[in-house]
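Comments concern the structure below.
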Amino acid sequence: MNPSRKFDWLRIGKIYTLSSSRVFKDIKPPGTPILVPLLFVSIVSAAIVWLVVPPIIWANSMETQMRPGEWFLHPLADLEFHIWMEHLVRVPFAAFEYVLDVVLLGTYFFVIARCFRIDDIQWEHWFGFACWTLVPIILVDGAGTFIEVYSESMNPSLTVSVLVVGLGFLIPIVWTITLTIQGLRIWTEKGWAYCVGFGLLPYFLLVLVYTREIVRLFIQATS
């Protein structure tokens, strides 16, 4: 085994720390590892949707006693079973969707690099680059599924909404964007304008996908 490959799993941890810039220096072409970050995100993000989200929904749907003789149902209990189950049946396809997203993202960086005459980085290296920048988004699929389900409930909690959207959705995406800009600066040696401009665009589109559910969730939570 290549000695550097032994440290790929340790680099996953560094992505979540202030040492992330070192990771992008270590994985610069031609030795860009792909398999470890690809497996990590596809498996963990699918597991969160499949194993974590259902118990949370179930727990929040249990009857809770307010005071003696009075019971109420959590808003999620008003949801029909099929409403949240239809999200969970998509889990087997989550890994495939992730790989497809990484292929598109890697191709996007490859095309942009070629347009700016960065010819020494091949497509497979940009594919690996995309895999590493997406390591923080393991919570996004789970948060997105919860947002879609929770936004269908009656009287959702504002506190729960803020926590899920903030901790599970916005913070991972902001961290991913930060990694992307940081990685582009290290790999291309381009200025901030180039790296910020082309680093933001793909994730802006990701946020748009969930905008409708997030807006509806907060409207219901504050009404």
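Going residue by residue through the range 121-135, is there one that turns out to be open to solvent by 30 Å² or more (accessible area, probe 1.4 Å), over 18 Å from Arg216 (Cα atoms), at pLDDT 90 or above and in a loop (DSSP other than H, G, I, E, B)?
Within the range 121-135, one or more residues are open to solvent by 30 Å² or more (accessible area, probe 1.4 Å), over 18 Å from Arg216 (Cα atoms), at pLDDT 90 or above and in a loop (DSSP other than H, G, I, E, B).
Restricting the range 174-199 to residues that are of a type in the set (A, V, I, L, M, F, W, C) and open to solvent by less than 10 Å² (accessible area, probe 1.4 Å), which is nearest to Ser45 (Cα to Cα)?
Leu179
Would you call Leu104 over 13 Å from the mean Cα position of the chain (by Cα), closer than 24 Å to Pro172 by Cβ and open to solvent by 20 Å² or more (accessible area, probe 1.4 Å)?
yes
Output the residues belonging to the range 206-216 that are open to solvent by 70 Å² or more (accessible area, probe 1.4 Å) and at pLDDT 75 or above.
Once the filter is applied, which keeps residues that are open to solvent by 70 Å² or more (accessible area, probe 1.4 Å) and at pLDDT 75 or above, the range 206-216 yields Leu208, Val215.
Can you confirm whether Val140 is open to solvent by less than 80 Å² (accessible area, probe 1.4 Å), among the hydrophobic types (A, V, I, L, M, F, W, C), in a helix (DSSP H, G or I) and more than 30 Å from Lys28 (Cα to Cα)?
No: the conditions fail for Val140.
Have a look at Phe110, Phe93, Phe40, Phe116 and point out the one that is in contact with a Phe, Trp or Tyr (Cβ under 6 Å, 6 or more places away or on another chain) and at pLDDT 65 or above.
Phe110
The values are calculated or read from the model by the stated rules, or taken from the named source; none is laboratory data. Since this is a predicted model, take the numbers as computed values, not measurements. Glycine gets a Cβ as well: all are built from the backbone with ideal geometry, and neighbour counts include every protein chain shown. Ligands, DNA and RNA are stripped out before the accessible areas are found, and what is left, the full protein with its side chains, is counted by its heavy atoms. Shrake-Rupley method; radii C 1.70, N 1.55, O 1.52, S 1.80 Å.
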